[in-house]
Every structure is written in structure tokens, then in C-alpha cells.
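Here the structure comes first, spelled out in C-alpha cells, and everything after it is commentary.
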Amino acid sequence: MNKVLFSSISKKFIMALAGIFLLTFLPVHLIINILLLKSEPEPFNKAAHFMATFPLVKIMEVVLIAAILIHIIWGIYLQIQNWLARPVGYVSGNKSETSFFSRFMIWTGASVFIFLIIHYFNFYFIKIGLVAGNPDDFYSVAHNLFKIPAYNYIYLVCFALLGFHLYHAFVSAFQTLGLNHRIWTPVVNIVAVVYSVALPAGYAIISIILWLFR
């Protein structure tokens, strides 16, 4: 049983479930971020307050953090396993058929992880009192951050890389869960493209508007 639970396949399966959970969270977060475009801070601050205090959301917050940790830790573990299994580089004419997205998944994931650290430092740590700031006015916190050019550069680059990560994550999660089908797999691939472009673009547009036009 232990060999099954801790096998590479089991880790990929659980990581896929964690990834799907994270994929459902991003659109919700984007909808809330759209409220930053309103001229008055109350709608966004109310939404942020609700997300910070509603019991069910707080439970899901713990699940989200757990999903992020599982996704990161097991993703790194599986990547190290792959590297150890191929200690010698491929010679010319015998290269891996692994896709571009798969080969660079660990690096795009690392960029997302770096952004999460910055994001948690600027928002979540304020909420729990580890960093100075007003947890009742995240609208002003966000607007002040997006006025900093360097923050926007990091934000836009990370979300561009997130798009690559999301595409491969979306497709590979369904493959890992054994949901391949001659009819539905092409549909999943199309949805993956739309999702991996639309989500980062939505976040990027908000960033650019707040940076240049507010």
C-alpha cells in the first residue's frame, strides 16, 4: 500500500487534483480583482473582507494553501526524479519528445512561486498581522503597488509565464486523471488555450490600467 501511495503515479494524480483546484480559484480571484477598476474602494474592500472573514472561505483558504504546497513540493520532487532518471544529456538525434511546455514546467512554476511569495507578503501577511498595513483597505494597498513600475514589470512577466504553465497544467491534469478521449481531448486542448491566454491577459489588463491610467 505504501508503495502505491508514494509512487510517482500517485504523486502525479494528487498533484493533478491540486492543480485543478487551483485552476478553479484563479477565475474567482480575477473577478474580485476587476473591482479594483472601480473608482470607489468600497466594493473591492467588501469583497476582500468577505473573503477574509466568511468561515467557508477561510476553510477553502487553508485548502488552497495546502493545494499550493502539494503542487509545488511534489512538482519539484517529480522533476528531480526525472532529472535523476536521465543523468546524461540526450545526444544529437536522440532528443526527448517531451513538449516545450513540459520541459520548462519547473521554471515557469518557479516564477509563479516567486510571484506568490511577493503576493502573500503584500496582502496575506498584512491580513494576519505579520506585515504593516491596513487589512480593511486592500484597495489602496493594491493601487499603491500598481503605481510602482518595477512591481508591474514583475507582475506582467510572471503572468506571461503563468500562461505557459497553465496550458500544460490544464492538459496534463486531464491526462493524468485518465480523461483522454478522441472527442473530448481536442476540446480540452482548445479550452486550455483559451484559459491560459484569457486568465493571464485579464490580470495583465487590470495591472496596466491601474499603472498607466489611474
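Here, each number is a calculation from the coordinates, and none is a lab measurement. Here the structure is a predicted model, which means the values were calculated and not measured. We place every Cβ from the backbone using ideal geometry, glycine too, and count neighbours over all the protein chains shown.
Over the stretch 138-214, the pair-distance histogram of Cα-Cα distances with 5 Å bins from zero comes to 3, 15, 21, 17, 12, 10, 8, 7, 5, 1 percent, rounded to whole numbers. Grab the beta carbon distance between Trp83 and Phe13, set R0 = 25 Å, and tell me the FRET efficiency rounded to 0.05. About 0.75, to the nearest 0.05. A cut-off of 5 Å between modelled amide H atoms, ignoring neighbours fewer than 5 places along the same chain, links Gly133 with no other residue. Compactness ratio for the stretch 25-79: Cα radius of gyration over 2.2 N^0.38 Å (N = residue count) comes to 1.45.
A simple spin-label model places the labels of Val62 and Val157 3.7 nm from each other, with each point 7 Å out along Cα-to-Cβ. Protection proxy ranking for 57-69, 201-213, using the average of other Cβ atoms within 10 Å per residue and placing the highest first: 201-213, 57-69.
Using a Förster radius of 25 Å, what is the FRET efficiency between Phe121 and Leu30 based on their Cβ-Cβ separation? Nearest 0.05, please. Once rounded, the FRET efficiency stands at 0.75. Computed from backbone phi, the HN-Hα couplings of the stretch 197-205 come to 8, 5, 5, x, 5, x, 5, 5, 4 Hz, rounded to whole numbers (Karplus: 6.51 cos²θ - 1.76 cosθ + 1.60, θ = phi - 60°; Gly and Pro given as x).
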